[in-house]
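Peer 1: One structure is given below, represented as structure tokens, and several questions about it will come after.
The values are calculated or read from the model by the stated rules, or taken from the named source; none is laboratory data. As the structure is a prediction and not an experimental result, all values here were calculated from the model. Please note: Cβ atoms are built from the backbone with ideal geometry, for glycine as well, and neighbour counts cover all protein chains shown.
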Amino acid sequence: MLREATCLVIETINSNTQRLQRMCWLIFSTVWILCAVSIDVCAVPGSEMGCNLIIERTRDYFSQPGDIIIGGTFPVYWNRVYKDLNFTTKPPELHCERYMVAPHFYETMQALIFAVEEINAQPKLLSNITLGFQVFDTCFNLRKAAHGTLSMLSGGKETTPNYHCNKLSPLASIIGDSGSSVSIIMAQILGLNRYPQVSISYFATSPIFNNRYLFPSFFRTIPSDEFQMKGLAQLVSHFGWSWVGLLASDNDYGQFGLQLIRQEIINNGGCVAFAENILTGQPNRNAPRIVQLIRESTAKVVVVLDAESSFVIVLEELLRQNVSGIIWVASESWATSAVHSESRFQRVAVGTLGFAIHGAQLPMFSKYLNSLSPSKTLYDPFIKEYWEQSFSCKWLSQENLGNGTIQACTGKENLENTSPESYHRATLNVYNAVYAIAWALQNLILCVPGNGPFDHGSCTNLSSFQPWHLLRYIKNVTFQTTYDSQVFFDAKGNPPAIYDIVNWHVSNKGNLEQVTVGRYDLNAPDGKVFKIDSTGIIWPNNNTQAPLSNCSPSCPPGFRKVMVTGKPPCCYECALCPLGRISNQTGIIRDKCLLRTTEFLSYKEPLGYGLSAISIFSSLIPLVILFVFIYYKTTPVVRANNYSLSCLLLLSLFLCFLCSLGFIGYPQPAQCLLRQVAFGIAFSLCISCVLAKTITVVIAFNATKPSSRLRQWAGVRVSYCVIVLCTFIQLVICGIWLFFFPPFPELDIDTQPGIIIANCNEGSPTAFWCMLGYLGFLATISFIVAFLARRLPDSFNEAKFITFSMLAFLSVWVSFIPAYLSARGMYTVAMEVFAILSSSWTVKLCIFVPKCFIILFRPNMNSREHLMGKEVKNKKKG
């Protein structure tokens, strides 16, 4: 058995991670403890060989029979008695020192007995099944915990390796132990046979138990330290404490917790001022150095992870050096500790904040505990010492019978005078653990063959179940407690992560008491995992608000943070804000520069919505004119002005007016990409139509001459070719622009101090001016052709109006260039929008308004005779 256990432990360690290496000595110690408490030896008296089993009996044990047994290990006594071993006689058994009962753990042990009796009295849970229990005292000793575990596996007081001597009452599960180190030893032993183990103490919170390969049968009714450290870091962040110190006991609990909370604080944007271990052993006791470090540090908040009352020596040193005003953030292992909250520590510990095991009222347990009496519970070997501890009295014996200075215990003292709050938080986990086992047994009993969880849907029964059978049911147990809380285990054996946030107040009696001021619940139904009532918190030095704990003071108005090389981000210097930056608002002081005003041509600005309204209204005019032309398309004026080209020109003007809207509003990537391109193509189409109209007039006039070669070019083909060619060239320019130098939105922080200009970076100024220059080139060609054709007969086209329109068009864009280059901010965009609208109106006014005036208001002039008359007059003048 020992060889197999050793191999299993070694394989486990070889596969473990670096984080678990710290536990190696505990796992190896399991093997040596097994050797110490269960030794099979063969004696050879003389020449006769025979085998002899040395059986060790255990003390500090009591039990109650039942159909099913639930085991438990509790550190009832504080101290152990060690004797020198000279090996001249049989080494004595390690036993716990009497008269040093730990009341808190004794009451925790009583929670197991109370839960068992409560379940036995219930008709609905495990009816016709009586639960029994076996309880062992470990007095905080690894060897005693292993001895008790092996004794329960053997079925009695004696440790009989590989045998279970109580066949009538199978052992269902073992609840224990109080500390992570002790629980590791127990879990390794129980894991060999897959016995379910449910840890109940607020000490056994080490993240190592989350490793299901190492601890496949371990469960606990207290959350892992991973959840607690995350919550403590959120508590620190909630009050804006960015500069905190860390103290940890020099054991696995403290060191694992120190690594976890340091990372969580950094992830939340905080910094660690110092991190120290509390050394309790001589000559390494370092409490004076820790207190000196706290005095010299600017951190006013210190998170303390203490598992074994190590912090008491620091509190005593704080009193000696007269240091107060520190905000202590306590882990759950000492947040409700009676040792730490003694009245003598009031001056240095008042205002402490911490996480506590989630507590609930168990009124029936209070009544049960108050009913305990040495005369009623004769089977309890610990109650007399507990009685002496609770009432500061002594039971009369032969040794003290003549001592008249002692106060004798009578057994009639009333336990109702003890504080009920001292046991509610600690006993709740034990209570839940017993009920988890009971409900697992209940589900095992109610299993229906064919629907069971085992092979082929099979079930098991109470008379033949194996430990791993019950383990399967405990993994999936879910039940509602009597205090309306749900209990279940996740895949790693952890319960729901719920903590109470407590604050240390001074009671009316002058003692320190813990008052619940909030809760941390990772399974909160409303999603708010962190809730705290700040108004109920008492702060050190009678402060009415949460004190500050920052490495550097807040920067005054007009200054900004500057990081210091070699120091944490929380330690910075204040420097004047650069030109154009501000850090002041009315009635508010912040420690970083405020964002500057962002400027762009917005629809909400008067200029923005004014230009938008003009653009929309202007775009409707070409559509109205188009409707007029369509309606009067058979009239001489419309027919004489190239109906199809006029319609296409009106549509292009409609697009020109609309494209101006792309320049208004906050610059977006798609908007920046398309607005200049849309403007360039729309105007190219417009000017191409004007050029085509002018060229058509010239060809038509010259084609009437005899033997003219231009007859073959007469018609609409030339016009469409001009439009397609001229527009295509602009498409190529814009395509190259978008492909190689696409425009994009940018924030200009340099042009105007104090203002951020949101605009579109054109990507390539050269491409932008090429696009604009091509429009100028088309307009110039159109102007020259129209100017040369201005004396052509009016019956064909009014070339002089096209001349005026192109002249005005060029004037607008020539004026635009210096105005555009000198404008800043949103006025640069407004200038381009104004140029687009103005140039579009010049074309519309010069070319189409005269024709509409004749069509709508001078219908007598819209006739063939009128046009022919004008033609005759022109010929006479010629």
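Peer 1: Here is a list: 781, 757. Which entry is surrounded by 14 or more Cβ atoms within 10 Å (Cβ to Cβ), aliphatic (A, V, I, L, M) and within 52 Å of the chain's Cα centre (by Cα)?
Peer 2: It is 757.
Peer 1: So in the range 232-250, with the set limited to residues that are surrounded by fewer than 22 Cβ atoms within 10 Å (Cβ to Cβ) and in a loop (DSSP other than H, G, I, E, B), which one is modelled with the lowest pLDDT?
Peer 2: My answer is 250.
Peer 1: Out of all the residues in the range 468-487, is one or more touching a Ser or Thr at 6+ places or on another chain (Cβ under 9 Å), surrounded by fewer than 18 Cβ atoms within 10 Å (Cβ to Cβ) and farther than 21 Å from residue 223 by Cβ?
Peer 2: Yes: the range 468-487 contains one or more residues that are touching a Ser or Thr at 6+ places or on another chain (Cβ under 9 Å), surrounded by fewer than 18 Cβ atoms within 10 Å (Cβ to Cβ) and farther than 21 Å from residue 223 by Cβ.
Peer 1: Is it true that some residue in the range 541-562 is among the basic types (Lys, Arg), surrounded by 12 or more Cβ atoms within 10 Å (Cβ to Cβ), farther than 27 Å from residue 757 by Cβ and at pLDDT 80 or above?
Peer 2: no
Peer 1: To continue, here is another question. Please tell me if residue 356 is surrounded by 14 or more Cβ atoms within 10 Å (Cβ to Cβ), of a type in the set (A, V, I, L, M) and at pLDDT below 85.
Peer 2: No, not satisfied.
Peer 1: Just a yes or no: is a residue in the range 743-765 farther than 25 Å from residue 837 by Cβ and assigned to a helix (DSSP H, G or I)?
Peer 2: no
Peer 1: For the range 342-353, what are the residues that are closer than 16 Å to residue 507 by Cβ and crowded, with 21+ Cβ neighbours inside 10 Å?
Peer 2: Matches in the range 342-353: 349, 351, 352.
Peer 1: In the range 440-466, which residues are within 28 Å of residue 107 (Cα to Cα) and surrounded by fewer than 21 Cβ atoms within 10 Å (Cβ to Cβ)?
Peer 2: Across the range 440-466, the qualifying residue is only 442.
Peer 1: Mind telling me which of the residues 229, 186 ends up being assigned by TED's automatic domain parsing to the domain that holds residue 520, at pLDDT 75 or above and buried (at least 24 other Cβ atoms within 10 Å of the Cβ)? Walk me through it before giving the result.
Peer 2: Details: 186 fails: assigned by TED's automatic domain parsing to the domain that holds residue 520.
Every option except 229 fails the conditions.
Peer 1: Among the numbered criteria (1) exposed (fewer than 15 other Cβ atoms within 10 Å of the Cβ); (2) closer than 26 Å to residue 333 by Cα, which single criterion is violated by residue 500?
Peer 2: Here residue 500 clears every test but (1).
Peer 1: Tell me whether the range 84-94 contains one or more residues that are modelled with pLDDT under 85 and assigned to a strand (DSSP E or B). Break it down stepwise before answering.
Peer 2: At the first step, the residues of the range 84-94 found to be modelled with pLDDT under 85 are 84-94.
Keeping just the survivors that are assigned to a strand (DSSP E or B) gives none.
No: the range 84-94 contains no residue that is modelled with pLDDT under 85 and assigned to a strand (DSSP E or B).
So that you can scan it fast, the table gives a plain yes or no per residue for (1) over 50 Å from the mean Cα position of the chain (by Cα); (2) farther than 30 Å from residue 499 by Cβ; (3) in the same structural domain as residue 432 (by TED's automatic domain parsing); (4) not β-branched (Val, Ile, Thr):
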| position | (1), (2), (3), (4) |
| --- | --- |
| 368 | no, no, yes, yes |
| 373 | yes, yes, yes, yes |
| 379 | yes, yes, yes, yes |
| 386 | no, no, yes, yes |
| 391 | no, yes, yes, yes |
| 397 | yes, yes, yes, yes |
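Peer 1: Restrict the check to the range 785-804 and report whether at least one residue is at pLDDT 85 or above, buried (at least 16 other Cβ atoms within 10 Å of the Cβ) and not in a helix (DSSP H, G or I).
Peer 2: Scanning the range 785-804, I find no residue that is at pLDDT 85 or above, buried (at least 16 other Cβ atoms within 10 Å of the Cβ) and not in a helix (DSSP H, G or I), so the answer is no.
Peer 1: So, in the range 531-542, exactly how many residues are in contact (Cβ under 8 Å) with a residue 60 or more places away in the chain and closer than 19 Å to residue 345 by Cβ?
Peer 2: Result for the range 531-542: 5.
Peer 1: If you check residue 656 against the conditions, is it touching a Pro at 6+ places or on another chain (Cβ under 9 Å), within 23 Å of residue 807 (Cβ to Cβ) and either outside the structural domain of residue 800 (by TED's automatic domain parsing) or at pLDDT 90 or above (or both)?
Peer 2: Taking the combined requirement at face value, the residue satisfies it.
Peer 1: For residues that are of a type in the set (S, T, N, Q) and modelled with pLDDT under 85, tally how many sit in the range 467-485.
Peer 2: Qualifying residue count for the region: 3.
Peer 1: I'm checking my understanding of the structure. Among residues of the range 291-326 that are within 33 Å of the chain's Cα centre (by Cα) and assigned to a helix (DSSP H, G or I), which one is surrounded by the fewest Cβ atoms within 10 Å (Cβ to Cβ)?
Peer 2: So in the range 291-326, the residues within 33 Å of the chain's Cα centre (by Cα) come out as 293-294, 297-311, 325-326.
Checking the rest, the ones that are also assigned to a helix (DSSP H, G or I) come to 293-294, 311.
Details: 293: 17, 294: 22, 311: 30.
Of everything passing the filter in the range 291-326, 293 is surrounded by the fewest Cβ atoms within 10 Å (Cβ to Cβ).
Peer 1: Separate question: Considering the range 740-757 alone, what residues qualify as being at pLDDT 90 or above and among the small types (Gly, Ala, Ser)?
Peer 2: none
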